[in-house]
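One structure is given here, and the rest of the page talks about it.
The values are calculated or read from the model by the stated rules, or taken from the named source; none is laboratory data. Please read all numbers here as calculations on a predicted model, not as lab measurements. Cβ atoms come from the backbone with ideal geometry, glycine included; neighbour counts cover every protein chain shown.
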Amino acid sequence: MLLGAVAASADTQVTFQVDMTEQIGTSFTPGTDTVSAHGTFNGWGAGVNLTNDINAANPNLYTGTADDATDANGTVLIYKYVIDNSQYEGTFAGNSVNRCAYLPAGGGSLLLPAAFYGDAGPTITANVTFQIDMAEQINLNVFDTNADTVEVHGSFSGWGSEGTLTSDPTILTTNSTGIVTSNVYVGTFAITGPTNGTAEFKYVMQPAGSWESPLSKDSDGDSGNRFFAITTQTLPIVSFSDVPLAVTVTNIITFEVDMTAQIEVGAFTNGNSSSQVLLAGDFNGWNSSLSTGTFMTNNPTSDTSNIYSAVVTITDAAGAGHYFKYIMEPGTDWESIPNREVILMNTSGNLTYGPVYFNNAAPRPIDYVSVTNCMVTFTVEMTNAVGTDTTVFDNAYPSSDSIYINGLNGGNDPSWWGWGANPFPTGPAAYQMTQIPNTTLFTITLPVNYGVYENLTYKYSINGVDNEAGFNDNHQRWIRSLPNYTMPVDTFGSQGSSAQAELLAGNLSAAPAAGNQVQLSWLGRRGVHLQTATSLAASAVWTDQYLTDGTNLIVAPGGMASTNYPIGPGNLFFRLVGPQ
């Protein structure tokens, strides 16, 4: 489930009010002419006709209500009054400037102020209090509280300065993450204009002359200006350019890239001065220079000597994303994949990105045998076994039956020798299994060639005939550690109705152990290791435990890896990961 702040669809009953007193006798005749409201509430389509009450205290006040189901709650309704559906009014802010009003955040109803058509009503002087929060501009070091000022400029002052605001330390604001500041600047000015006339304005930082750019939710949509109706009032506190104080964090980021695949194909060599790895991103100007770039280093004596790392400190808003790529020298070989992105945590602290493979190219040894003559031991349980050809296994010791394994002919997989056929019970001697004394278990150790895929496919036989299961119904298991490995014990005919495929990795479990430790067990293999974290939050930092990788930790016969891990008083979480 994704959570976020989204403007809800509106359903506000808006009541329009316009006073036609100044137009009667000149451009408007009651009973003959019409006046209507047009605006964003209906896409500036057919207007809502307004009517007057001749018995009211002001018979020249025309009103009407419309359901605004178009504009989102909490955003701006933009509108104008129109005579005879053709003569659009001008406003005090300018003939082309529309009227604006905030819709209630929760919907409901809104009574607009009674404005005079064309803002032609009597002039008043209203004391209007302006309030602007400069916290984020201060945080960004673009507003110096000792040297800079903030002013109000608007249509009511010919867009010159109406006056300078001053800091009011008694006004406190709290941002979305709970940080409290007192950086609100306030000023009250006498604004002269028509009653409820339309006025527009912006805040400006001086001496730089930096005008703000409010969001559309706080502006008239066309000019991007803020607005108010001329009447004595205190305007709400807003942030300069509608940018509230952001949570600024400092993350010390360790970037890690695994060069194994590049080393295997000869494109990169550890310890060679001409083979370098650089980190380039928006945080260092995408610098790929061999003299000034961000170089990554490895630990040549470590089990992870193919992993190169660099540490970069980034200070930015919490959750901000930064783009980057890795570069391999020689040849200035940039990763060809789309830019990578690291997301800053919500708090300051250490963050690790990776390890990832250069260009996301995984090395073959993770899935392929990388030693010569890897010796793999197979064992099968034959108790009460019956072949698909109705051959009943002789359960005696020694048994009169011969058990064979097929699928690894010549050390390759899958590679099959030719099955025998009844009544010709035979198989190659090299693949005949040996009965373990006083049991119905048969075993054999076979070489598996370099470069063979580690997920082996094989099948057992009574007397050399394809009689364990149906066609292509085989055993499938992973070689989980090198140089040699003992498979779990199979049961003859245990495939079932379809091929039985072993999990690549998984089944992580934990149990109490002595000495304030926990014993962790999992179905392991090379390229899979543990990570630890103290939280399951999205921002949690997971720490790689490389020594638990099947490359370093011997996976026991049967495929289970295990280790004891010390625990403390707080929460500790574990997960299995493979290369990204």
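Say we look at segment 116-142 and pick out the residues that are under 48 Å from the mean Cα position of the chain (by Cα) and modelled with pLDDT of 95 or more; which of these is farthest from A229 (Cα to Cα)?
So the first thing to find is which residues in segment 116-142 are under 48 Å from the mean Cα position of the chain (by Cα), and the list is 127-142.
Add one more test, that the residue is modelled with pLDDT of 95 or more, and what stays is 127-134.
Values: N127: 12, V128: 10, T129: 13, F130: 13, Q131: 16, I132: 18, D133: 21, M134: 24 Å.
Checked segment 116-142; the qualifying residue farthest from A229 (Cα to Cα) is M134.
Going by the conditions given, is F228 in contact with a strand residue (DSSP E or B) (Cβ under 9 Å, 6 or more places away or on another chain), over 30 Å from G43 (Cα atoms) and buried (at least 17 other Cβ atoms within 10 Å of the Cβ)? Don't jump to the end; show me each part of the working.
Values: in contact with a strand residue (DSSP E or B) (Cβ under 9 Å, 6 or more places away or on another chain): yes; over 30 Å from G43 (Cα atoms): no; buried (at least 17 other Cβ atoms within 10 Å of the Cβ): yes.
It is false that F228 is in contact with a strand residue (DSSP E or B) (Cβ under 9 Å, 6 or more places away or on another chain), over 30 Å from G43 (Cα atoms) and buried (at least 17 other Cβ atoms within 10 Å of the Cβ).
Here are E212, E200: which of them is within 22 Å of P104 (Cβ to Cβ) and either without any contact (Cβ under 8 Å) to a residue 12 or more places away in the chain or surrounded by 14 or more Cβ atoms within 10 Å (Cβ to Cβ) (or both)? Explain how you work it out, then say what you get.
Numbers: E212 fails: within 22 Å of P104 (Cβ to Cβ).
Among E212, E200, only E200 is within 22 Å of P104 (Cβ to Cβ) and either without any contact (Cβ under 8 Å) to a residue 12 or more places away in the chain or surrounded by 14 or more Cβ atoms within 10 Å (Cβ to Cβ) (or both).
Quick one: what pairs do we get from segment 332-349, first residue without any contact (Cβ under 8 Å) to a residue 60 or more places away in the chain, second polar (S, T, N, Q) and surrounded by 12 or more Cβ atoms within 10 Å (Cβ to Cβ), C-beta under 7 Å, 6+ apart or different chains?
Once the first residue is without any contact (Cβ under 8 Å) to a residue 60 or more places away in the chain and sits in segment 332-349, its partners that are polar (S, T, N, Q) and surrounded by 12 or more Cβ atoms within 10 Å (Cβ to Cβ) give T332/S288; E335/N359; S336/N359; I337/N359; I337/N360.
Taking only segment 74-104 into account, find how many residues are part of a loop (DSSP other than H, G, I, E, B) and over 18 Å from R226 (Cα atoms). Steps first, please.
Initial filter on segment 74-104 (part of a loop (DSSP other than H, G, I, E, B)): 74-75, 84-86, 89-90, 92-93, 95-98, 103-104.
So of that shortlist, the ones also over 18 Å from R226 (Cα atoms) come out as 84-86, 89.
Going through segment 74-104 one residue at a time, the tally reaches 4.
Pairs needed: first member in segment 87-105, farther than 21 Å from V238 by Cα; second member anywhere, among the aliphatic types (A, V, I, L, M) and in a loop (DSSP other than H, G, I, E, B); C-beta distance under 8 Å; at least 6 residues apart or different chains.
Hits for this filter: G90/V97; T91/V97; F92/I230.
D68 fails exactly one of the following numbered conditions: (1) surrounded by fewer than 18 Cβ atoms within 10 Å (Cβ to Cβ); (2) of a type outside the set (F, W, Y); (3) over 18 Å from V238 (Cβ atoms); (4) in contact with a helix residue (DSSP H, G or I) (Cβ under 9 Å, 6 or more places away or on another chain). What is the number of that condition?
Result: D68 fails condition (1) only.
The conditions are (1) out of contact with any Asp or Glu (no Cβ under 9 Å at 6 or more places or on another chain); (2) β-branched (V, I, T); (3) within 28 Å of H322 (Cα to Cα), and T269 fails exactly one of them. Which is it?
Unmet condition: (3).
At pLDDT 90 or above and surrounded by 15 or more Cβ atoms within 10 Å (Cβ to Cβ), is that true of I327? Give the derivation first.
Numbers: at pLDDT 90 or above: yes; surrounded by 15 or more Cβ atoms within 10 Å (Cβ to Cβ): yes.
Yes.
Can you pull out the residues in segment 542-580 that are among the β-branched types (V, I, T) and either at pLDDT 90 or above or assigned to a strand (DSSP E or B) (or both)? Give the steps one after another, and end with the answer.
So the first thing to find is which residues in segment 542-580 are among the β-branched types (V, I, T), and the list is 543, 548, 551, 554-555, 563, 567, 577.
Once the filter is applied, which keeps residues that are among the β-branched types (V, I, T) and either at pLDDT 90 or above or assigned to a strand (DSSP E or B) (or both), segment 542-580 yields T543, T563, V577.
Return the total of residues in segment 526-537 being modelled with pLDDT of 85 or more and assigned to a loop (DSSP other than H, G, I, E, B). Let's see the steps before the verdict.
Of segment 526-537, the ones modelled with pLDDT of 85 or more are 528-537.
Among the residues that remain, those that are also assigned to a loop (DSSP other than H, G, I, E, B) are: 528, 534-537.
Here the count works out to 5.
Of the numbered conditions (1) assigned to a loop (DSSP other than H, G, I, E, B); (2) touching a Ser or Thr at 6+ places or on another chain (Cβ under 6 Å); (3) more than 22 Å from P437 (Cβ to Cβ); (4) not charged (D, E, K, R), G407 fails exactly one; give the number of that condition.
Among (1) assigned to a loop (DSSP other than H, G, I, E, B); (2) touching a Ser or Thr at 6+ places or on another chain (Cβ under 6 Å); (3) more than 22 Å from P437 (Cβ to Cβ); (4) not charged (D, E, K, R), the lone unmet condition for G407 is (1).
Would you check if there is a residue in segment 123-133 being in a strand (DSSP E or B), surrounded by 12 or more Cβ atoms within 10 Å (Cβ to Cβ) and on the phi > 0 side of the Ramachandran plot?
No, segment 123-133 contains no residue that is in a strand (DSSP E or B), surrounded by 12 or more Cβ atoms within 10 Å (Cβ to Cβ) and on the phi > 0 side of the Ramachandran plot.
Any idea how many residues of segment 161-177 are farther than 18 Å from I230 by Cα and either part of a strand (DSSP E or B) or free of Cβ contacts under 8 Å to residues at least 40 places away in the same chain (or both)? Steps first, please.
In the first step, residues of segment 161-177 are kept if they are farther than 18 Å from I230 by Cα; the result is 164-177.
In the following step, the residues that additionally are either part of a strand (DSSP E or B) or free of Cβ contacts under 8 Å to residues at least 40 places away in the same chain (or both) were identified as 164-170, 172-174.
Qualifying residue count, segment 161-177: 10.
With the requirement that a residue be in contact with a helix residue (DSSP H, G or I) (Cβ under 7 Å, 6 or more places away or on another chain) and within 17 Å of W334 (Cα to Cα), what does segment 271-311 give you?
T294
Could you please give the count of residues in segment 197-235 that are aromatic (F, W, Y) and modelled with pLDDT under 90?
0
Filter segment 73-109 down to the residues that are small (G, A, S) and either closer than 19 Å to F28 by Cα or assigned by TED's automatic domain parsing to the domain that holds K217 (or both) and list them by number. Even if it seems obvious, please write down each step before you answer.
Start the filter on segment 73-109 by keeping residues that are small (G, A, S), which leaves 74, 86, 90, 93-94, 96, 101, 105-109.
Correct list: S86, G90.
Name the strands (runs of 3 or more DSSP E) wholly within segment 432-489 that hold at least 2 residues that are farther than 19 Å from V371 by Cβ and in the same structural domain as G418 (by TED's automatic domain parsing)? If you could, list the steps in order and put the result at the bottom.
Working: elements: 441-448, 455-462, 475-478, 484-486.
The qualifying strands (runs of 3 or more DSSP E) are 441-448, 455-462, 475-478.
Would you confirm whether any residue within segment 285-299 is loosely packed, with under 14 Cβ neighbours inside 10 Å, more than 30 Å from E454 (Cβ to Cβ) and in contact (Cβ under 8 Å) with a residue 40 or more places away in the chain?
No, segment 285-299 has no match at all.
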